[in-house]
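Okay, so here's the structure we're looking at.
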Amino acid sequence: MPFSTLGLATPIQNTLKQLGYDTPTKIQAQAIPLILQGDNLIAAAQTGTGKTASFVLPILQRLSEGQAGRKKRARAIILAPTRELALQVEQSIQAYGQELGLKSLAIFGGVDEKPQKQALIEGVDIVVATPGRLLDLYGQRAIHFDEVEFLVLDEADKMLDMGFIEAINKIIARVPEEAQSLLFSATLSNPVRDLAKSAVYNAKEIIISKHSASKSNIQQWMVGVDKDKKSALLAHLLSEHNWKQALIFIETKHGAAKLVSQLEKRGIAAEAFHSGRNQQVRQQLIEQFKQGDIQYMVATGVAARGIDVENLPVVINYDLPYPADEYVHRIGRTGRADAAGEAVSLVSKDNFKNLCMIESRLGHLLERRDIEGFEPKKPVPISVLNYVPKHKR
Ligand code: AMP
């Protein structure tokens, strides 16, 4: 896929050509269109994936379309953990934006603040800063945040490790709520997710890391099946494969309880894990599942976030998740630490649109397996890749 398909303006495309960038990296291909259309974003991506250009390019484009700000007002703030990274990102901005005439500035501690203040008086579009010094300058009224259109937290995990949480929270609280927010982090650990909750609302999520969908040690396949045959098919698959353990995802808590009793009738013991069960019971279930005392856990997607089991051999989507990112998340729960894993989805015809979205997100079709005796009366059509749902802008 060439850069020209991502919606970037010609001057930016020309610069990329000059720099010898032929094709977007994975994170660029995914993040650039989303940022251009105004989405908030959380992305798990490590250095070396091309993540800097993935947020710098669309921000440059959007800023170049708008009006220059007043003095002492940045239109984009990029927070970075270290002086080195701040400088590096600012250099990338200069390189990528050489045709655009936007001004950028790196701000960090440990050096004289006067030149930084002077540059802010002269007017800057994009500030790349370490949190402490930025807050310091804000306190001195050397910079105001009331015209900020973009807030980026780069290497969020590292910023948290370095103890910047308080400064970051203060900055977030002072930036206009409607600013577009982007968070990048090597990992999406719980503290990073907590930060994302307060900083990045309604975010789209991209994962380009070792838990990504492209992970080759996860074998993904689906079975087309009529809706009313799903529980029988699940029972069949569980008996057939006899996986050591399985985490089975289902849409609703009511559905979870029902499925557990349907499995029971077929002689298969499973536990239901959902928000309707009290915290203590859920904690116990997680422990038992971790210990291997529970073989099959039927969980709703939201509740299952708390379940983190090493070496889970299979996850099963009894119901397909929505949105597509949730699928990537779910399958990341198997095949950890490079162990082999399987991700199985039971798909009925009425899930077709959802399947299209997931397969478009993955960039490929899922392997289909026919299970004898469960051939659907209503077959699931083959997906259209690059599917865009109608209700989306
Ligand atoms: P980053 O992950 O942002 O630290 O970028 C890693 C390196 O990849 C940097 O040196 C970039 O200049 C380079 N780079 C980023 N995007 C591309 C691309 N699409 N094609 C070639 N090189 C790239």
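Each reported figure results from applying straightforward, stated rules to the coordinates on display, with no laboratory input. Being a predicted model, the structure only gives us computed values, none of them experimental. Here Cβ is always computed from backbone atoms with ideal geometry, including for glycine, and neighbour counts include all displayed protein chains.
Worth pointing out:
- Tilt relative to the chain, helix 51-65 - C-alpha long axis, 0 to 90 degrees, to 10: 60 degrees
- Rounded to 10°, Cα long-axis angle of helix 10-19 versus longest principal axis of the chain: 90 degrees
- Straight-line cross-link partners of LYS378 among the aspartates and glutamates, defined as a Cα under 13 Å from its Cα and at least 8 positions apart when in the same chain: ASP226, ASP228, ASP350.
- Long-range HN-HN contacts of VAL124 with modeled amide H, under 5 Å: LYS72, ARG73
- Per-pair calculated FRET efficiency, R0 = 25 Å: GLU147 and ASN169 via Cβ, rounded to 0.05: 0.75
- Here's how it looks for ASN317: its modeled amide H is under 5 Å from those of PHE249, VAL344, SER345, LEU346, which are all 5 or more places away or on a different chain.
- Under 21 Å from the Cα of LYS377 - lysines, other chains or at least 8 residues apart: LYS227, LYS229, LYS230, LYS349, LYS353
- For the chain, the longest principal axis of the Cα atoms and the long axis of helix 253-265 meet at an angle of about 30 degrees.
- Spin-label pair GLU287/ASP22, simplified geometry with 7 Å Cα→Cβ offset, distance in nm: 5.7 nm
- Binned Cα-Cα distances of the chain, short to long, each 20 Å bin given as a whole percent: 26, 48, 24, 3
- Across LYS71/LYS103; LYS204/LYS258; LYS17/LYS51; LYS204/LYS244, pairs whose alpha-carbon gap is larger than 22 Å: LYS204/LYS258; LYS204/LYS244
- Simple label model, 7 Å out from Cα along Cβ direction - ALA68 to THR252, nm: 5.8 nm
- Derived scalar couplings ³J(HN,Hα) [segment 90-102; Karplus, 6.51 cos²θ - 1.76 cosθ + 1.60; whole Hz; x for Gly, Pro]: 5, 5, 4, 4, 4, 5, 6, x, 4, 8, 9, x, 8
- Report note on the peptides 280-292, 96-108, 121-133, 62-74: ranked by the mean count of other C-beta atoms within 10 Å, highest first, their order is 121-133, 96-108, 62-74, 280-292.
- Here LYS26 is the anchor, and the aspartates and glutamates within straight C-alpha reach of less than 19 Å, apart from those fewer than 8 places off in the same chain, are ASP39, ASP154, GLU155, GLU205, ASP325, GLU326, GLU359.
- Normalised contact order of the chain, rounded percent, pairs of Cα under 8 Å and 6 or more residues apart: 15 percent
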